Amino acid sequence: MNKNTFTAVQLAKGEVNVYDFGNVKLHAYKTNDLINDEVFIVEKAGKAVILESPCFFDNIEELTAYLNGVEVAGMLVAYHGAGATFLLDVPKYATQNAVEYSENGGGKALITNFTNAFGAIFDDSVHQITNVIGEGKINIGGIDFVIHQTAEAFDVEIPEINAVYTHMLGHDCHSIVAGASHADAIIAQLRDYIAKGYDLILTSHYTPEDLKDAQTKIDYLETLKGIAKKCNDAADFKVEVEKQYPNYSGGNYLDMTAGFFLCLIDYSKFLRRDCPENGQPLFVWRNFDEIYRLLCIFGGRDSFCNCSYYR
C-alpha cells in the first residue's frame, strides 16, 4: 500500500484519509488540533477499532459524527490517555504501564500542562481502561493486533494491513533525541521496521509514513551523531544541523536535542515544578504546542526523571 493512495474526506476541522485494503479499511483522522494529533480507525466487516483518542472537544464531536453507524468494538489507548468523553461506553484496552503513564506518570503531567495551556477546549479527563492487556497477539472485533510494550506504553502491529503504530516518527521534522544512545535505539527500531517490510508506519502526530521515511529518519539520526562529535557546544550543534536540514520544522525539539547531545540544556526555556515523589526539581518545556516530556536533574547530570511516579 502506497502511503499516498487514499481517498480524502474533508470534515469541518479535520480530515480523514481512507486506505482501502480490500477486507480492511484504515481511516487516518488528521485532527488539525493544536498538537497535531492523529487518530486511526481500523475497520473490518462493519466493526471498527480505534487507535488513540482525540483530546479536544471539537475533534471529539467531529469524529463521533464521522463514526455514526459504525460498530466500534474497542479502543486501544497507548500514549494519548486524555479525551475520555469520546466514546464513553466503548471498551478501552491498554497495558498496565500505559494506564500508569496516563493516570499518574509522564502522560498525566502532559495532560495537566495541556489543560493549563488550552483551557476549556481541551478534554483533560482520562480514559478508564476496561481491559488490561499484555505483550503479544489480541483480537478485538475480529481484527488481530500484536502488542509490543515500550518504556511508557505500547506499540501496535496490525498484521492484516501490514502496518505498525508507534508514538512518533516524522521523517521531515526534528525530533527530541536524548543523546547518541537514544538515537541508536530509535535507529534499531526503524531498522527492525524495514527488515519486517511494513507498508505503513502510523504515528500519533504525523500522517502515515513508509519505509523510505524510516530510512530518511535513520539517515537524519546518523547525521546528528556525526555532527555532535564535531561540535563543542549546543549552539554550534544547532547551527550545523540547521545547515543540513534548513526546511525542517520542530525547532524547539532541536533545541532540546542539542542540549542532550552536548549536555547543555537551557533551563530558562522550561517551567520548574517539583517531582511529587522525591522532591527533585523538574522542568517542563515552555512551548506547550511542542511539549514532550519531563526532565529531572540528578547531581548536576541531565536525565529523565526515573522515580516511580513518572515511570
Take the alpha carbon gyration tensor of the stretch 44-125, find the square roots of its eigenvalues, order them as a ≥ b ≥ c, and report rounded if a/c is under 1.5; if not, report prolate when a/b exceeds b/c, else oblate. oblate
Total formal charge among the other residues, if their Cβ is under 14 angstrom from that of S125, Lys/Arg +1 and Asp/Glu -1: -1
Would you please classify the overall shape of the stretch 11-170 from the alpha carbon gyration tensor, given that a ≥ b ≥ c denote the square roots of the eigenvalues, rounded means a/c under 1.5, and beyond that prolate means a/b larger than b/c while oblate covers the rest? oblate
To the nearest Å, what is the center-to-center distance of the stretch 132-186 and the stretch 97-126, using C-alpha atoms only? 20 Å
Can you grab the distance from the C-alpha centre of the stretch 31-65 to the C-alpha centre of the stretch 208-225, Å, no decimals? 27 Å
Where Lys and Arg each count +1 and Asp and Glu each count -1, what net charge lies around G83 among other residues with Cβ under 10 Å from its Cβ? -4
Could you give the size of the charge dipole of the stretch 210-259 about its Cα centre, using +1 on the Cβ of each K and R and -1 on the Cβ of each D and E, expressed in debye and rounded to the nearest 20? 120 debye
State the extension gain, in nm to one decimal, for the chain segment bounded by A65 and H148, taking 0.36 nm per residue of separation less the distance between their alpha-carbons. 26.8 nm
Proximal lysines to K217, defined as alpha-carbon separation beneath 20 angstrom and excluding residues fewer than eight positions away on the same chain: K3, K196, K225, K229, K238, K243
On the accessible surface of the stretch 122-232, probed at 1.4 Å with all protein chains in place, carbon and sulfur together account for a percent value of 49 percent
Roll a 1.4 Å probe over the protein chains and send me the accessible area per residue for the stretch 13-115 in Å². 34 Å²
With every protein chain in place, the stretch 1-109: carbon and sulfur % of accessible area (1.4 Å): 48 percent
How large is the accessible surface per residue of the stretch 125-268, computed with a 1.4 Å probe and reported in Å² as a whole number? 43 Å²
With only Lys, Arg, Asp and Glu charged, each at its Cβ (+1 for the first two, -1 for the last two), find how big the charge dipole of the stretch 167-238 is about the Cα centre; round to the nearest 20 debye. 200 debye
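The values are calculated or read from the model by the stated rules, or taken from the named source; none is laboratory data. The structure displayed is predicted, hence computed values, not measured ones. A quick note on method: Cβ atoms are made from the backbone with ideal geometry, for glycine too, and the neighbour counts reach across all protein chains shown. The protein model used for the area step is the full one, side chains on, heavy atoms only, and it has no ligands, DNA or RNA in it. Shrake-Rupley method; radii C 1.70, N 1.55, O 1.52, S 1.80 Å.
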